[in-house]
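K.L.:
For reference, the structure I am asking about is given below.
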Amino acid sequence: MLASLRALGIFVCDLLKSRCRLQAENLFPRHQLNVALRRAPVRLRLHGSDRALLVWMTGICPNLLDLARVVKEETILRWHRAGFKAFWRWKSQKRAGRPKVDRDLRDVILRMSRENPLWGAPRIHGELLMLGFDVAQSTVSKYMERGHRPPSQSWKTFLRNHADAITAIDMCVVPTVTFERLFAFLVLGHGRRRFEVTRHPTAEWLARQVTEAFPWVSGPTYLVRDNDGAYGHVFTRRVMAMGIRDRPISRGSPWQNGHVERW
């Protein structure tokens with residue numbers, strides 16, 4: 001500890017010295033250190049204060065790592081990481097973590113989910129709020145009873161029954177070798193795919209592509225798409241005129257159009 005305080009005092013005094021004198025004083029002990037390290041043991045024993053001082057000095061000036069002679073640069077960095085972990089481990093011990101859910105509340109959630117198998121977590125969460133329970137929807141979903149089978153048909157069953165009547169569309173950007181951007185328009189249906197490319201995707205161009213992809217007699221029943229601004233009034237009017245039900249997905253929910261997004 002005294003050695004660390006002495007080194008700190010020398011550092012404060014060096015702030016008042018000239019640059020030439022500091023360079024000479026740094027070069028002289030460095031040469032003496034190199035001479036002493038020639039006969040020093042392979043592994044030196046350092047105190048905790050020595051390690052803390054080296055870590056503190058390299059933290060202030062990272063360029064000092066190149067001047068390390070007693071230990072390697074990787075050793076000082078390992079000490080720094082160990083100190084960082086120890087500090088945050090000590091600081092996190094005071095936190096109690098997330099509040100525990102009462103046993104009675106868990107029993108109520110489990111009972112409501114058993115007696116109402118068609119209720120989901122949002123419905124049970126709303127009922128608990130009206131009863132005066134301050135609980136999050138994620139907590140309700142955690143303590144609900146997991147049924148062996150869904151209350152209604154799954155998405156795979158629905159898609160298998162109505163795949164012929166559903167078509168999904170989407171656009172993606174394709175960079176070229178000449179640093180240009182091409183907008184690819186994809187029409188994905190059951191058993192068929194159509195792919196067109198343009199540099200300027202307008203609503204008129206998209207409406208023409210839908211007309212060419214689906215003749216007026218063989219159009220799908222539903223058209224699933226995202227909320228891209230390129231689909232203007234011309235596109236929506238053309239789809240309605242063809243007897244296709246336009247079904248845009250929710251904003252920020254690409255999983256609702258997962259097949260074409262994956263493609």
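The values are calculated or read from the model by the stated rules, or taken from the named source; none is laboratory data. Small disclaimer: the values here were computed from a predicted structure and weren't measured. Here the Cβ positions follow ideal geometry from the backbone for every residue, glycine too, while neighbour counts run over all protein chains shown.
K.L.:
Taking segment 230-261 only, how many residues are under 26 Å from the mean Cα position of the chain (by Cα) and either among the β-branched types (Val, Ile, Thr) or assigned to a loop (DSSP other than H, G, I, E, B) (or both)?
P.N.:
Number satisfying all stated conditions: 6.
K.L.:
If you don't mind, another one. Give segment 103-120 a look and list any residue that's over 16 Å from Leu131 (Cα atoms), under 34 Å from the mean Cα position of the chain (by Cα) and among the polar types (S, T, N, Q), or say none.
P.N.:
Selection gives nothing.
Table: residues versus (1) surrounded by 13 or more Cβ atoms within 10 Å (Cβ to Cβ); (2) modelled with pLDDT under 75; (3) over 22 Å from Ala213 (Cα atoms); (4) of a type in the set (Phe, Trp, Tyr).
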site: Pro151; (1), (2), (3), (4): no, yes, yes, no
site: Trp155; (1), (2), (3), (4): no, yes, yes, yes
site: Ile169; (1), (2), (3), (4): yes, no, no, no
site: Cys172; (1), (2), (3), (4): no, no, no, no
site: Pro175; (1), (2), (3), (4): no, no, yes, no
site: Leu186; (1), (2), (3), (4): yes, no, no, no
site: Gly191; (1), (2), (3), (4): no, yes, no, no
site: Arg194; (1), (2), (3), (4): yes, yes, no, no
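K.L.:
When only residues in segment 206-252 that are free of Cβ contacts under 8 Å to residues at least 12 places away in the same chain and surrounded by 14 or more Cβ atoms within 10 Å (Cβ to Cβ) count, which is farthest from Phe158 (Cα to Cα)?
P.N.:
Arg208
K.L.:
With the condition kept exactly as written, say whether any residue in segment 18-32 is charged (D, E, K, R), assigned to a helix (DSSP H, G or I), modelled with pLDDT of 70 or more and under 30 Å from Val135 (Cβ atoms).
P.N.:
Taking segment 18-32 and keeping what is charged (D, E, K, R), we get 19, 21, 25, 30.
When the remaining residues are screened for being assigned to a helix (DSSP H, G or I), the result is 19, 21, 25, 30.
Now narrow it down to the ones that are modelled with pLDDT of 70 or more: 19.
If we keep only those that are under 30 Å from Val135 (Cβ atoms) as well, we get none.
No: zero hits.
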